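Structure first, commentary second.
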Amino acid sequence: MTTAPRIHRATPDEAPEVARLAELTFALACPPGTAPTAIERFIADNLTEVHFRRYLADENRQVILATDDGRPVGYTMLVHGEPADDDVAVAISLRPSVELSKVYVLQTHHGVGVAGALMDATLDAAREGGAVGVWLGVNKHNERAIRFYRKSGFEVVGSKTFLVGPELHHDHVLEREL
Ligand SMILES: CC(C)(COP(=O)(O)OP(=O)(O)OC[C@H]1O[C@@H](n2cnc3c(N)ncnc32)[C@H](O)[C@@H]1OP(=O)(O)O)[C@@H](O)C(=O)NCCC(=O)NCCS
């Protein structure tokens, strides 16, 4: 990376680029041993261009994109509103809350500040959206992401499960004040 990343709110016409980035990065968050077919199923069910067109048109969601020389290298997605997951609803203490539903950076751009810049812009967007707390789920084995979130001010407040295709994965629930 030669320059600082450019960070902006993604628009509906960027759905193909964000979906491609999501497809490239989703597996990075899965623990070793996750079946490739489970990963493919999750992508087909949640991360295609059709899904991102819907996410980008949804007034309760914000997708933030980082680009390097015009090329998408990382994205986040916020989902405003009360969590649908009962374990999360019990674990978090701040309302109104927003879920930091996705935080993904290309492996070539880890450790160079893209994720931190994305996080700052995403927390600003969460505040602008009216939330006072932000929560997320992260796989209990994803030590790099957990370290990154702790650096970003999050604390573990509970546990939940997460389905990757047919596989049940175990997540920490993290929360921070905005
Ligand atoms: C999570 C993610 C966005 C963080 O971005 P990043 O550029 O890697 O973050 P940083 O380098 O700023 O921070 C990672 C920290 O973890 C540390 N780290 C790296 N590997 C580690 C490991 N195996 N165990 C523990 N800590 C580790 C790094 O040293 C760094 O800490 P430091 O700044 O104190 O040295 C990025 O790693 C990513 O996209 N991962 C794949 C997708 C993912 O897991 N998303 C989260 C889904 S919930």
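The values are calculated or read from the model by the stated rules, or taken from the named source; none is laboratory data. None of these values were measured; they are calculated from a predicted model. Here the Cβ positions follow ideal geometry from the backbone for every residue, glycine too, while neighbour counts run over all protein chains shown.
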> Among the candidates LEU178, LEU163, LEU118, which residue alone is crowded, with 16+ Cβ neighbours inside 10 Å, of a type in the set (A, V, I, L, M, F, W, C) and over 13 Å from the mean Cα position of the chain (by Cα)?
Replying inline: LEU178
> Does LEU118 satisfy being more than 7 Å from the ligand (Cβ to nearest atom) and either under 25 Å from MET1 (Cβ atoms) or in a loop (DSSP other than H, G, I, E, B) (or both)?
Replying inline: yes
>> Looking at (1) more than 9 Å from the ligand (Cβ to nearest atom); (2) hydrophobic (A, V, I, L, M, F, W, C); (3) under 30 Å from ALA4 (Cβ atoms); (4) in a strand (DSSP E or B), which one does LEU123 not meet, given that it meets all the others?
In response: (4)
> For the range 44-69, what are the residues that are crowded, with 17+ Cβ neighbours inside 10 Å, under 20 Å from VAL164 (Cα atoms) and among the aliphatic types (A, V, I, L, M)?
Replying inline: LEU47
> Taking the range 126-153, which residues are more than 8 Å from the ligand (Cβ to nearest atom), over 13 Å from ARG176 (Cβ atoms) and in a strand (DSSP E or B)?
Replying inline: none
>> Please determine whether any residue of the range 130-148 is on the phi > 0 side of the Ramachandran plot, touching a residue at least 60 places away in the same chain (Cβ under 8 Å) and not acidic (Asp, Glu).
In response: no
>> Out of everything in the range 1-47 that is assigned to a loop (DSSP other than H, G, I, E, B) and under 21 Å from ALA66 (Cβ atoms), what residue ends up being farthest from the ligand (Cβ to nearest atom)?
In response: THR11
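Okay, residues lined up against (1) under 13 Å from the mean Cα position of the chain (by Cα); (2) closer than 14 Å to PHE162 by Cβ; (3) of a type outside the set (Asp, Glu); (4) modelled with pLDDT of 95 or more:
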residue: GLU99; (1), (2), (3), (4): yes, yes, no, yes
residue: GLY113; (1), (2), (3), (4): no, no, yes, yes
residue: VAL134; (1), (2), (3), (4): yes, no, yes, yes
residue: VAL138; (1), (2), (3), (4): yes, yes, yes, yes
> Of all the residues that make up the range 114-133, how many are polar (S, T, N, Q) and more than 16 Å from GLU175 (Cβ to Cβ)?
Replying inline: 0
